[in-house]
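Step one of this worksheet: look at the structure below.
The values are calculated or read from the model by the stated rules, or taken from the named source; none is laboratory data. Source: prediction; values computed, not measured. Because the Cβ atoms are built from the backbone with ideal geometry, glycine has one as well, and the counts that use them run over all protein chains shown.
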Amino acid sequence: MALRDMVDLDSGLQGQDWGALNPEQQIKLSHFKINTRIANEKYLRAHKEVEMLLSGFLREVLLQRPNNIREFAADYFTNPELPKKIQQQMMEKLNEAV
């Protein structure tokens, strides 16, 4: 397969070349992807603060619709009040569950 056939010109990324892996490697890669996805899901379920952090960020992005998303993200995630805000949300969620 020619390189030009594997390149997505719209994204600038190369596509997958399935012929590059033998069947055993493809199976191992598939298992690795599944296990990684399971481990990620377990981590996210155990750390609800990640969900709150990301959903809060997305909510603010959609409300404010900043022109410079990178600058907005940098400001949002470096806000010294953010850890307190997340902790407060965690406590509120815990109190709702009781």
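Points to keep in mind about this one:
- Inside the stretch 79-98, residues that are closer than 13 Å to LEU53 by Cβ and of a type outside the set (D, E, K, R) make up a count of 8.
- Considered as a group, the residues in the stretch 5-36 that are in a loop (DSSP other than H, G, I, E, B) and modelled with pLDDT of 85 or more include one that is surrounded by the fewest Cβ atoms within 10 Å (Cβ to Cβ), and that residue is ASN22.
- Selection within the stretch 55-85 - of a type in the set (Val, Ile, Thr) and either touching a residue at least 24 places away in the same chain (Cβ under 8 Å) or not in a helix (DSSP H, G or I) (or both): THR78
Here's the yes/no breakdown for (1) modelled with pLDDT of 95 or more; (2) under 25 Å from ALA46 (Cα atoms); (3) surrounded by 13 or more Cβ atoms within 10 Å (Cβ to Cβ):
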position	(1), (2), (3)
GLU60	yes, yes, yes
GLN64	yes, no, no
PHE72	yes, no, yes
PHE77	yes, yes, no
GLU81	yes, yes, no
GLN87	no, yes, no
ALA97	no, yes, no
